[in-house]
Amino acid sequence: MTESDTQFDWLELIEHDEAVAALDRAMSAGGVVRASGRCGFSTMAVAAALHRRRPAPRLLVVAHLDDADDAVESLRTLGIEADRFPALERLPG
């Protein structure tokens, strides 16, 4: 068993959680889905679990530039392709 296999064992538990399954169903129905009550790394863990359930492009919005950098790094560490868009205050115009 490799380190990455061990790392994803805990993510599988989150992936099969009923709350994550309910989010997945809501997202597949279309429209906007908002989840609250998050803390720390849990946002990235749930995002990665949702991606494993149903790979698709998703938009994760965070409040601060540092949070965006941390989110991208965390998702990439979990094997999820992630890109950071420029902050609104940095867009021209």
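Filtering Arg34, Arg25, Arg38, Arg52 for residues that are under 20 Å from Phe85 (Cα atoms) and among the basic types (Lys, Arg) leaves a single hit, Arg34.
Pairs meeting the criteria (first residue in the range 31-56 and farther than 14 Å from Ser74 by Cβ, second residue among the hydroxyl-bearing types (Ser, Thr, Tyr) and part of a helix (DSSP H, G or I), beta carbons under 7 Å, at least 6 apart or on different chains) are Arg54/Ser28.
Collect the residues in the range 59-82 that are out of contact with any helix residue (DSSP H, G or I) (no Cβ under 7 Å at 6 or more places or on another chain) and under 22 Å from Leu23 (Cβ atoms), keeping them in residue-number order. Break it down into steps so the answer makes sense when it comes.
Restricting attention to the range 59-82, the residues satisfying the condition of being out of contact with any helix residue (DSSP H, G or I) (no Cβ under 7 Å at 6 or more places or on another chain) are 59, 61, 63-70, 72-73, 76-77, 79, 81.
Within the range 59-82, Leu59, Val61, Ala63, Asp67, Ala68, Asp70, Val72, Arg76, Thr77, Gly79, Glu81 meet the criteria.
Among residues that are over 13 Å from the mean Cα position of the chain (by Cα) and hydroxyl-bearing (Ser, Thr, Tyr), Ser28 is included. Counted as qualifying within the range 7-87 are no helices (runs of 4 or more DSSP H), as none has 3 or more residues that are open to solvent by less than 50 Å² (accessible area, probe 1.4 Å) and touching a Cys at 6+ places or on another chain (Cβ under 8 Å).
The values are calculated or read from the model by the stated rules, or taken from the named source; none is laboratory data. Just so you know, these numbers come straight off a predicted model, no measurement behind them. Neighbour counts run over all protein chains shown; Cβ positions are idealised from the backbone, glycine included. Calculation scope for accessible area: heavy atoms of the full protein, side chains included, ligands and nucleic acids excluded. Shrake-Rupley method; radii C 1.70, N 1.55, O 1.52, S 1.80 Å.
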